[in-house]
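Asker: I have a structure I would like to understand better, so I am pasting it below and will then ask my questions one at a time.
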Amino acid sequence: KNEATGIVLRGRDRDELFSGYIQAIEHGEVDAPMIDWAYREHKLVTTDDLYGGGHPPDSFVAGALAYAAAKEGRTGFIYH
């Protein structure tokens, strides 16, 4: 089926989700409209936000989830 699936964003799952999304952006695999505030959030996100004690911006998390879902042929993920 092509349903949304739950995912808990912590530990290795979170790290792999974010790393995969970053790699996809760096390799030009992500095509998205230019939205100034989302671009700024992506540009200014820190390593601590992604892999440490910080908090990643919602646009980054949404982009990473959408990319992973599309890559797996799903309609989406629901994160907790």
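The values are calculated or read from the model by the stated rules, or taken from the named source; none is laboratory data. No experiment lies behind these values; they were computed from the predicted model shown. With ligands, DNA and RNA removed, areas are computed over all heavy atoms of the protein, side chains included. Shrake-Rupley method; radii C 1.70, N 1.55, O 1.52, S 1.80 Å.
Asker: Send over a whole-number figure in Å² for the accessible area per residue of the chain, probe 1.4 Å. Walk me through the numbers before you get to the answer.
Answerer: Working: 5630 Å² over 80 residues.
Per-residue value: 70 Å².
Asker: Quick test of the membrane-span-like rule: which DSSP H helices of the chain reach at least 18 Å along their long axis (C-alpha atoms) with mean Kyte hydropathy at least -1.0? It would help to have the intermediate numbers written out before the result.
Answerer: Numbers: long enough: 11-26 (23 Å, -0.75); 58-72 (21 Å, 0.55).
Result, helices passing both filters: 11-26, 58-72.
Asker: Here is a further query. Using only the alpha carbons of the chain, determine the length spanned along each of the three principal axes and report them from longest to shortest in whole angstroms.
Answerer: 36, 29, 20 Å, listed from the longest principal axis down.
Asker: In whole percent, and with a 1.4 Å probe on the protein chains, what portion of the accessible area of region 1-50 is carbon and sulfur? Mind showing how you got there, number by number?
Answerer: Details: 1910 of 3900 Å².
Looking at region 1-50 in its full context, I get 49 percent from C and S.
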